[in-house]
Amino acid sequence: MLFRSIALGLLSTPAAAQINFFEEYVITLTRGDLDSMNTAAAALYKGKAAQIDATGTWKNPKSGNSGTVKLIGIYLYKGMPCRRLAHAIKIKGEADPKRFRIDRCRISNGDWKIRF
């Protein structure tokens, strides 16, 4: 299975975001998509008992988009606990999901930030 790293950039409106897979493809997600995706992911990376292969799902009935997220790695980076998450986003009307991975690390104030 091929996963890609991502770069997130907000559009001019706060209601949507684009994900640019290093110019391989771009998808546009609504704020509702992002909120649902982040809620599913947070349940995996914030848990004290985070376990490899734990999986979450999300769906946004308004946009028709959905996805899965899977915890695929737990590691330390510069003393920070980090989690690697594999995402598969299914865009309404498209046959194949877009796949990528995101690493999040917990910084000193307790927030989890995307590691680039």
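Give me a count of the residues in region 79-116 that are open to solvent by 30 Å² or more (accessible area, probe 1.4 Å), in a loop (DSSP other than H, G, I, E, B) and either touching a strand residue (DSSP E or B) at 6+ places or on another chain (Cβ under 8 Å) or of a type in the set (Ser, Thr, Tyr) (or both).
Going through region 79-116 one residue at a time, the tally reaches 4.
Got a number for residues in region 46-57 being more than 14 Å from residue 112 (Cβ to Cβ) and open to solvent by less than 60 Å² (accessible area, probe 1.4 Å)?
Result for region 46-57: 2.
Quick one: count up the residues across region 32-71 that are in contact with a Ser or Thr (Cβ under 9 Å, 6 or more places away or on another chain) and not hydrophobic (A, V, I, L, M, F, W, C).
15
Could you please give the count of residues in region 58-78 that are open to solvent by less than 80 Å² (accessible area, probe 1.4 Å) and not in a strand (DSSP E or B)?
The number of residues fulfilling the criteria is 4.
The values are calculated or read from the model by the stated rules, or taken from the named source; none is laboratory data. Everything numeric here is computed off the predicted structure, so don't read it as measured data. Please note: Cβ atoms are built from the backbone with ideal geometry, for glycine as well, and neighbour counts cover all protein chains shown. Just so you know, the surface numbers come from the protein's heavy atoms only, side chains and all, with ligands and any DNA or RNA stripped out. Shrake-Rupley method; radii C 1.70, N 1.55, O 1.52, S 1.80 Å.
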